[in-house]
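**Q** Below is the structure I would like to discuss, written out as structure tokens.
Please treat every number below as a calculation from the coordinates, not as lab data. It should be emphasised that the depicted structure is a prediction, and the values quoted were computed from it without experimental measurement.
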């Protein structure tokens, strides 16, 4: 699988979520549940960041999808907001 456009994704999410507590972005290129190539993007927020409103998340995802398409990226971007304060289930 080809590399993900990490730099572009970082730029878009910094602009869309930077003022809302974005700490860092992790990107992984893989296949989705249907076997299609996809991008799995975790936007990790700073500790104690308040919950992000749905309209802000939607705007960030829309900007991400639009920019990726404009740059020729055809893989679907699965965007997840991660709060470091949330506990993650052990695999």
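**Q** So what is the calculated 222 nm ellipticity per residue for the chain, using -39500 (n - 2.57) for each DSSP H run with n of 4 or more, over all residues, to the nearest 500 deg cm²/dmol?
**A** On the way: 2 runs with 29 residues, N = 91.
So the calculated ellipticity at 222 nm is -10500 deg cm²/dmol.
**Q** What number, in percent, do you get for the relative contact order of the stretch 6-81 if the mean sequence gap of Cα pairs under 8 Å and at least 6 apart is divided by its residue count?
**A** Details: 95 pairs, mean separation 27.4, N = 76.
Result for the stretch 6-81 is 36 percent.
**Q** Of the DSSP beta bridges with both residues in the chain, give the percent that are antiparallel, rounding to the nearest 5.
**A** Details: 9 of 16 bridges.
Antiparallel bridges make up about 55 percent of those DSSP assigns within the chain.
**Q** List the pair-distance distribution P(r) of the stretch 6-81, using every Cα-Cα distance, as the percent of pairs falling in each 5 Å bin from 0 up to the bin containing the longest distance, rounded to whole percents.
**A** Cα pair-distance distribution for the stretch 6-81, in percent: 3, 16, 28, 25, 16, 8, 3, 0.
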